[in-house]
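Derivation of every value follows stated rules applied to the coordinates shown; laboratory data play no part. Worth saying up front: this structure is predicted, and the values here are computed from it rather than measured. Virtual Cβ from ideal backbone geometry, glycine too; neighbours counted across all protein chains shown.
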Ligand SMILES: [Zn+2]
Ligand SMILES: [Zn+2]
């Protein structure tokens with residue numbers, strides 16, 4: 001997950017991006033995320049961002065307001081629950097400063113881990129086996145082989161995946177709040 005924090009000066013429409021690479025952070029009142037080690041307690045009033053796994057492979061990011069947090073708004077509505085699941089491009093703020101959430105990910109070649117069901121590559125239709133080098137497309141979330149050494153570059157085979165999402169491995173993040 002990436003957060004885009006608004007500049008603290010009213011005049012500055014600059015966004016500070018921060019890539020969250022571990023699974024638990026506290027959020028300061030200026031919406032700066034600080035990594036928490038396991039068991040570490042956040043400062044009073046700070047919110048917590050936490051990645052939660054379910055179904056063994058799927059994860060969501062949650063936001064837990066602190067007990068004495070100032071009033072927080074999410075997409076313009078008062079946040080009055082104890083935990084929420086964050087959605088792509090949610091805006092969380094206190095009326096003064098805030099941040100956008102981006103769940104965009106970059107394509108990454110990883111050794112594939114099989115689940116309960118067999119997985120078939122969307123491009124070549126053959127099975128993606130445990131340990132095969134593969135990419136989960138950030139756009140369609142489907143799995144493609146990507147092993148150039150053996151000529152099985154099913155993801156980068158074309159400029160787009162079979163559903164039209166770009167396959168460049170080094171294109172970087174495409175979205176930021178300036179696109180709004
Ligand atoms: Zn394939
Ligand atoms: Zn795709």
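A few comments on the model shown:
- Computed over segment 2-102, Kirkwood Rh from alpha-carbon pairs, angstrom: 13.9 Å
- Computed packing ranks the peptides 114-123, 44-53 as 44-53, 114-123, most packed first, by mean other Cβ atoms within 10 Å.
- Within segment 88-116, backbone nitrogen closer than 11 Å to the virtual label 7 Å beyond the Cα of residue 68 toward Cβ: none
- The label-point distance for residue 83 and residue 52, in a model that sets each label 7 Å from Cα toward Cβ, rounds to 0.3 nm.
- Mean Cα-pair separation over length for the chain, i.e. relative contact order, pairs under 8 Å, 6 or more apart, %: 15 percent
- Residue 158/residue 60 FRET efficiency (R0 35 Å; Cβ-Cβ; nearest 0.05): 0.70
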